[in-house]
1. Could you pull out the residue among 138, 103 that is farther than 21 Å from residue 37 by Cβ and polar (S, T, N, Q)?
2. Which one of the conditions (1) surrounded by fewer than 17 Cβ atoms within 10 Å (Cβ to Cβ); (2) among the small types (Gly, Ala, Ser); (3) within 22 Å of residue 66 (Cβ to Cβ); (4) in contact (Cβ under 8 Å) with a residue 60 or more places away in the chain does residue 131 fail to meet, given that it meets all the rest?
3. Pairs needed: first member in the range 91-111, buried (at least 16 other Cβ atoms within 10 Å of the Cβ); second member anywhere, of a type in the set (Ser, Thr, Tyr); C-beta distance under 6 Å; at least 6 residues apart or different chains.
4. Just need a number here: residues in the range 61-81 that are surrounded by 15 or more Cβ atoms within 10 Å (Cβ to Cβ), under 21 Å from residue 133 (Cα atoms) and either within 19 Å of the chain's Cα centre (by Cα) or without any contact (Cβ under 8 Å) to a residue 12 or more places away in the chain (or both).
5. Quick check: is even one residue across the range 10-27 at pLDDT below 95 and part of a loop (DSSP other than H, G, I, E, B)?
Amino acid sequence: MNYLHLAWIIPLCVYFGMLLASLVRANDQKEDNMNYSTERFSLDLNDQDSQVYVTVRQGDTAKKLSVMLKESGTPYSIADGTAAVLAAQKPAGTYINASCTISAGNRLEIVLPAAFTETAGRHRACFVLTGNDAALTSPPFTIDVEAPAATVQTTEE
């Protein structure tokens, strides 16, 4: 059997592998270089009343939430292998969610996706942690998406 006609496959796979790696690297650098407006707050798991009110502008895509979970005032330790999701109900009643990263063992971080800021109004939100056949929901908080300010036109005199 003649395998010579298959000789182009390996270089092609290597090329696409290098191309994919460079795209991933470029995307990682783009994320690292973006200047986000970061909203830092904490949520106490033992206080189920709404504790926080976050304001963003409609269409913002550079708003980052950095949330420390606490339990009765002390940092809550999130176990390895736990997944975190930010879930919200939009003003019209539809639900949206997005994955979060867990850092420092008790901090949840997420750059708000466009789906969270495309509709003006109050969004009821919470974090949901899942792992080891268990789930834990944070206290609710509000993401208030404000309509963009009216465009002001100036005239020169």
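1. Result: 138 is the single residue among 138, 103 that is farther than 21 Å from residue 37 by Cβ and polar (S, T, N, Q).
2. (4)
3. Short answer, once both residue conditions are applied: 106/76; 106/77; 109/66; 109/101; 109/103.
4. 2
5. Quick first cut of the range 10-27, residues at pLDDT below 95 only: 10-27.
Going one step further and asking which of them are part of a loop (DSSP other than H, G, I, E, B), we end up with none.
Within the range 10-27, none of the residues are at pLDDT below 95 and part of a loop (DSSP other than H, G, I, E, B).
The values are calculated or read from the model by the stated rules, or taken from the named source; none is laboratory data. Only a predicted model underlies this, so the values are computations on that prediction, with no experimental measurement involved. For neighbour counting, all protein chains shown are included, and Cβ atoms are generated from backbone atoms with ideal geometry for every residue, glycine included.
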